[in-house]
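The values are calculated or read from the model by the stated rules, or taken from the named source; none is laboratory data. Please read these numbers as outputs of a predicted model, since none were measured by experiment. Heads up, the Cβs are rebuilt from the backbone with ideal geometry, glycines too, and the neighbour counts pull from every protein chain shown. With ligands, DNA and RNA removed, areas are computed over all heavy atoms of the protein, side chains included. Shrake-Rupley method; radii C 1.70, N 1.55, O 1.52, S 1.80 Å.
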Amino acid sequence: MEPPMDPSGGEQEPGAVRLLDLPWEDVLLPHVLSRVPLRQLLWLQRVSRAFRALVQLHLARLRRFDAAQVGPQIPRAALAWLLRDAEGLQELALAPCHEWLSDEDLVPVLGRNPQLRSVALAGCGQLSRRALGALAEGCPRLQRLSLAHCDWVDGLALRGLADRCPALEELDLTACRQLKDEAIVYLAQRRGAGLRSLSLAVNANVGDIAVQELARNCPELQHLDLTGCLRVGSDGIRTLAEYCPALRSLRVRHCHHVAEPSLSRLRKRGVDIDVEPPLHQALVLLQDMVGFAPFVNLQV
């Protein structure tokens, strides 16, 4: 009698234990495949039909998917295969797909994964309001969302998000240049109570009106990025200092209308600010901390 064939196509020695002989549910899936990078899984599924079935079962049980683990660029067909059976995802990051990811690619994935809590779509410029609507409608537990450098995000898209995502805590709207004060005001009024982190960086349309409304409606706000928001001035920062006791970090680099007196109150509370105070203010802070002011000779 000829020796039996193992699932990979080779001859199996009598008494030998092959990898696929181990219990899939109790051993291979939780303790082996969970430690294999996604890029290696793509190669592993080519070994045999049995390995392909094992990898597909693992992918169907994924809770976190980050396309960066596959590589800096991932083909459309590879993404579709990796996610075709996933129905329990809680975290989804697709930034490496930014050059080609479309509504047709994303919307079905969102529809199969209503438990999503974190979604990163930074730079995905081929998407549209339809994708954001599907996310807001189908994923009510969403807590973290990155839409950085998504130029298609406008006020209407943000309104839909604010209306349908009651659990939203962290939102990255960096370089979403279509957004204006009115859209941010609506976001603050609808979801401000739960917001903890927000980036409005690189948007010259955002000004003090939006910042003041955020301050009055976001008591739990901890991180705010206003980098490059040229219309933000000292009035908005003073309102933040008054109404946001939980604030831990503030980014105001290139906000040329923000003066140091409006930041000093936040500095005294220990808020991390990305612009250094003027020399005089730095000396005062040093004196407060160590009890003396060093002599500085400023003569030329």
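Just check region 20-61 against the gyration tensor rule for me: Cα atoms, a ≥ b ≥ c as the square roots of the eigenvalues, rounded for a/c under 1.5, and otherwise prolate or oblate depending on whether a/b exceeds b/c. Verdict is oblate for region 20-61. In plain terms, the chain from residue 100 to residue 178 could stretch by 25.9 nm, reckoned as 0.36 nm per residue minus the Cα-Cα distance.
Helix-only estimate, please: 222 nm mean residue ellipticity of the chain, summing -39500 (n - 2.57) across DSSP H runs of length 4 or more and dividing by its residues, to the nearest 500. Theoretical 222 nm ellipticity from helices: -10500 deg cm²/dmol. Over the chain, Cα pairs under 8 Å with separation of 6+ residues give a relative contact order of 8 percent.
If I take every Cα pair under 8 Å that is 6 or more residues apart in region 42-141, average their sequence separation and divide by the length, what percent do I get for the relative contact order? Here the relative contact order equals 24 percent.
Note on residue 141/residue 26: beta-carbon distance plugged into 1/(1 + (r/R0)^6) with R0 of 30 Å gives a FRET efficiency of 0.55.
Spatial offset of region 228-256 relative to region 27-93 amounts to 43 Å, using the alpha carbon center of each. Considering only 234, 179, 74, and ranking their Cα positions along the charge dipole of region 63-285 that arises from unit charges at the beta-carbon of Lys, Arg, Asp and Glu, the one farthest toward the positive end is 234. Size descriptors for the chain (Cα atoms only): Rg and Dmax, in that order, 25.6, 99 Å. Here the simple spin-label model places points 7 Å from the Cα toward Cβ, and for residue 63 and residue 156 these points are separated by 3.9 nm. For residue 46, put the label point 7 Å out on the Cα→Cβ axis and report which residues of region 77-100 keep their amide N under 14 Å from it. Only 78 pass the distance filter. Quick check: at a probe of 1.4 Å, how many percent of the accessible area of region 63-285 sits on carbon and sulfur atoms? The nonpolar share, carbon plus sulfur, comes to 48 percent. The length gained by stretching the chain between residue 268 and residue 129 to full extension, at 0.36 nm per residue less their Cα-Cα distance, is 45.8 nm. In plain terms, the chain is cut at each of the GluC sites (Glu not before Pro) found in a DSSP loop with at most 15 other Cβ atoms within 10 Å, and the longest leftover piece is 100-219. Considering only beta bridges that DSSP places wholly inside the chain, some 5 percent are antiparallel.
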